[in-house]
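Here is the structure we will look at, set down as structure tokens.
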Amino acid sequence: MTRRWWHLDPGGSLIGLAFVALSLTPSLLPRPAILQGVLAGVACGLGYLLGALVWWAIRSATPWRPSPRVHRAFWWGMLALAATIIVVIGLAAVGWQNEVRALVEVAPLDAVAVGAFSVGALVTAVLLVTIGRGVRRLTVHLVRLTGPALGLLGATAVVAAGVLGLGMAAVAAIDAIYADRNGAPDALLVEPPSDYRSAGSKSAVEWSGLGRHGGTFVAGGPTAAEISALTGVDAVEPVRVYVGLGNATTITERAELAVDELRRTGAFERELLVVATTTGSGWLEDQAVDAVEYLHGGDTAIVALQYAYTPSWVSFLFDPDAPVEAARATFEAVYAEWSSRPVDSRPRLVTYGLSLGAHGGQEVFADLADLRERTDGALFVGSPASATMWQELQGARDAGSPAWQPVLDEGAQVRWMSQPGDTDRLPGPWEEPRVLYLQHATDPITWLAPELLWSSPEWLEPDQRGADVSPAMRWIPVVTGLQVTIDMLMGQSVPARHGHNFGDVVVDGWLAVTGDAGLTPAALDRVRAEIASYALTDED
């Protein structure tokens, strides 16, 4: 019984090994050895499943069976093939990874972490193959007991129930972990005075309910004195309003509380009002929010609310409607109050979102016309491919413009930026209100989509790929989708100008959409340098 349990399927082993080799090819971003190992293990498991199915079909369709001699020759050949892959493909993989690292300005590998790769690959592959063999044994057992039809149906039901149960348990465990991690403000933070911030004695927003990222947002950011010192303009204290999951039960209640806070803090008397949609855990990137406050001398108000404790990838997989519902509730509540005020005395209204926040922020509006009708501008940073408006605009771009940096109607209403100055290269006028996407050719958040598993993407075509995308990257069915999924975990591990890191361009992004408070060129350079100097953080 033990021998039969560990007996490997010839077809599964062959295709699984081929998938391992293919998983070592380059993708958008550098991969650490442990994640490359996990990727190889997942690829091996999927390849094994595919190969086992093909081998089963061959055996079912033909009477041929390999002799013991052929069987032994096959496994010796497999051993030789595995050794070849380790030596030849392994060496090539190091070269590919160093090429990718050079393109995104990361130091080259000076050693190969074989141990980390092996652990990641073996543990993942053995786990997946063991699960697959367990499902197969269950199916065979049920077929013997009840017949083919009922056996297959029973096995499917058991597997589905198991997957559902494990999924629900995993979601509950992940939610509990991140609720503990992100559920309360950092103990080292000091609750701010409440005149211009949520929380404090004058605010209906309790400090303890803001969550970790909400607490960091309202307690952080530049003061009026710091803004004046950096920019040379007379600044005022910026308004920051945030409502956490612990501050109200429903999204509608949180949105109403946010509007009450905007009224209390005088946000509707400011020059600029930013409706921001957070990432999955409630995070707002400090580079983006601080930048707009510096540019406008603090005469700003930023409002956001929390819709989850978990990172964006968890929210996207298990509750994709949450960011959309939160963005819509926040914007509609703010818009109702804002639109009721005299046109000549209300602030300019702009919308902003990063990553999953960009997805939620776009879904508020029916289309580009609706967005421009109801706002004074929009900045979407690292938009996921799932955003409907992004898909429509990308698909409608002018002929000859690349997927990673489209041009639509010669840039009349919406433009894309990867590096400072990109928007100025278009000769025609850019009408207000302006919509801007910050987008990199190597951002896996933007390019990861389900169809990447079965269809070659436009952005990998020779005349479409960005200059920092490896020329050796090729689309491989299933494998490329897995690679870009792993790349997504490394999106902020590379310097600005690449991946999911926009720290060097966000100042120019805000400047293009909202202008500034009359800062001199020297002051703008100081703001850029200040924002670029921030230590990179993430939403976890």
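A few comments on the model shown:
- Scanning segment 95-111 for residues that are touching a Leu at 6+ places or on another chain (Cβ under 9 Å) and either closer than 20 Å to Cys44 by Cβ or open to solvent by 70 Å² or more (accessible area, probe 1.4 Å) (or both) gives Trp96, Gln97.
- Segment 233-267, subset acidic (Asp, Glu) and not in a loop (DSSP other than H, G, I, E, B), residue surrounded by the most Cβ atoms within 10 Å (Cβ to Cβ): Glu261
- Failed criterion for Gly154 (all others in (1) modelled with pLDDT of 90 or more; (2) more than 23 Å from Phe268 (Cα to Cα); (3) surrounded by 13 or more Cβ atoms within 10 Å (Cβ to Cβ); (4) among the small types (Gly, Ala, Ser) hold): (1)
- Taken over segment 452-474, the residue count meeting the criterion of being in contact with a helix residue (DSSP H, G or I) (Cβ under 9 Å, 6 or more places away or on another chain), of a type in the set (Ser, Thr, Tyr) and either without any contact (Cβ under 8 Å) to a residue 60 or more places away in the chain or open to solvent by 10 Å² or more (accessible area, probe 1.4 Å) (or both) is 1.
- Close pairs (6 angstrom Cβ cut-off, 6 or more residues apart or separate chains): over 16 Å from Pro30 (Cα atoms) in segment 431-451, outside any helix (DSSP H, G or I) and of a type in the set (D, E, K, R) anywhere: Pro433/Asp376; Leu436/Arg415
- Taken over segment 360-388, residues that are on the phi < 0 side of the Ramachandran plot and either assigned to a helix (DSSP H, G or I) or within 15 Å of the chain's Cα centre (by Cα) (or both) amount to 19.
- Members of segment 304-323 that are over 12 Å from Tyr178 (Cα atoms), open to solvent by less than 20 Å² (accessible area, probe 1.4 Å) and without any contact (Cβ under 8 Å) to a residue 60 or more places away in the chain: Ala322, Pro323
- Test: residue in segment 158-180 that is closer than 30 Å to Arg263 by Cβ, under 34 Å from the mean Cα position of the chain (by Cα), at pLDDT 70 or above and surrounded by 12 or more Cβ atoms within 10 Å (Cβ to Cβ): no
- Check on Val469, among the β-branched types (Val, Ile, Thr), touching a Leu at 6+ places or on another chain (Cβ under 8 Å) and closer than 30 Å to Glu373 by Cβ: no
Listed here are the residues, each with its yes/no results for (1) surrounded by fewer than 14 Cβ atoms within 10 Å (Cβ to Cβ); (2) modelled with pLDDT of 95 or more.
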site	(1), (2)
Thr375	no, yes
Leu379	no, yes
Met389	no, yes
Glu392	yes, yes
Val407	no, yes
Val414	no, yes
Pro420	no, no
Arg425	yes, no
Gly428	yes, no
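- Only one of the listed residues (Val38, Val88) is among the hydrophobic types (A, V, I, L, M, F, W, C), more than 32 Å from the chain's Cα centre (by Cα) and either at pLDDT 75 or above or closer than 30 Å to Thr442 by Cα (or both). That residue is Val88.
- From the list Thr537, Thr520, Thr514, the lone residue that is hydroxyl-bearing (Ser, Thr, Tyr) and either modelled with pLDDT under 95 or closer than 20 Å to Pro32 by Cβ (or both) is Thr537.
- Of the residues Leu81, Leu53, the single one that is under 25 Å from Ser27 (Cβ atoms), part of a helix (DSSP H, G or I) and aliphatic (A, V, I, L, M) is Leu81.
- The condition of being over 25 Å from Ser533 (Cβ atoms), touching an Asp or Glu at 6+ places or on another chain (Cβ under 8 Å) and either in a loop (DSSP other than H, G, I, E, B) or at pLDDT below 95 (or both) does not hold for Val494.
- Hey, Thr446 among the polar types (S, T, N, Q) and either within 22 Å of Gly395 (Cα to Cα) or crowded, with 21+ Cβ neighbours inside 10 Å (or both) or not: yes
- Condition met for Asp398 (farther than 20 Å from Val469 by Cβ, in a loop (DSSP other than H, G, I, E, B), among the acidic types (Asp, Glu) and without any contact (Cβ under 8 Å) to a residue 60 or more places away in the chain): yes
- Residue that is small (Gly, Ala, Ser), out of contact with any Cys (no Cβ under 6 Å at 6 or more places or on another chain) and in a loop (DSSP other than H, G, I, E, B), where the choices are Gly357, Gly353, Gly298: Gly298
- Residue pairs whose Cβ atoms lie under 6 Å apart, separated by 6 or more positions or on different chains, with the first residue in segment 66-93 and under 12 Å from Ala18 (Cα atoms) and the second among the small types (Gly, Ala, Ser) and open to solvent by 50 Å² or more (accessible area, probe 1.4 Å), do not occur.
- Annotation note: of Leu284, Leu273, Leu230, the sole residue that is in contact with a helix residue (DSSP H, G or I) (Cβ under 9 Å, 6 or more places away or on another chain) and assigned to a loop (DSSP other than H, G, I, E, B) is Leu284.
- Among (1) open to solvent by 70 Å² or more (accessible area, probe 1.4 Å); (2) within 20 Å of the chain's Cα centre (by Cα); (3) at pLDDT 95 or above; (4) not acidic (Asp, Glu), the one test that Leu489 misses: (3)
- Qualifying residue in segment 186-209 (condition: among the hydrophobic types (A, V, I, L, M, F, W, C), under 24 Å from the mean Cα position of the chain (by Cα) and within 28 Å of Phe316 (Cα to Cα)): no
The values are calculated or read from the model by the stated rules, or taken from the named source; none is laboratory data. Since we're looking at a predicted model, the values are computed, not measured. Cβ: placed from backbone, ideal geometry, glycine included. Neighbour counts: every protein chain shown. Accessible surface is based on the protein model in full, side chains and every heavy atom, while ligands, DNA and RNA are left aside. Shrake-Rupley method; radii C 1.70, N 1.55, O 1.52, S 1.80 Å.
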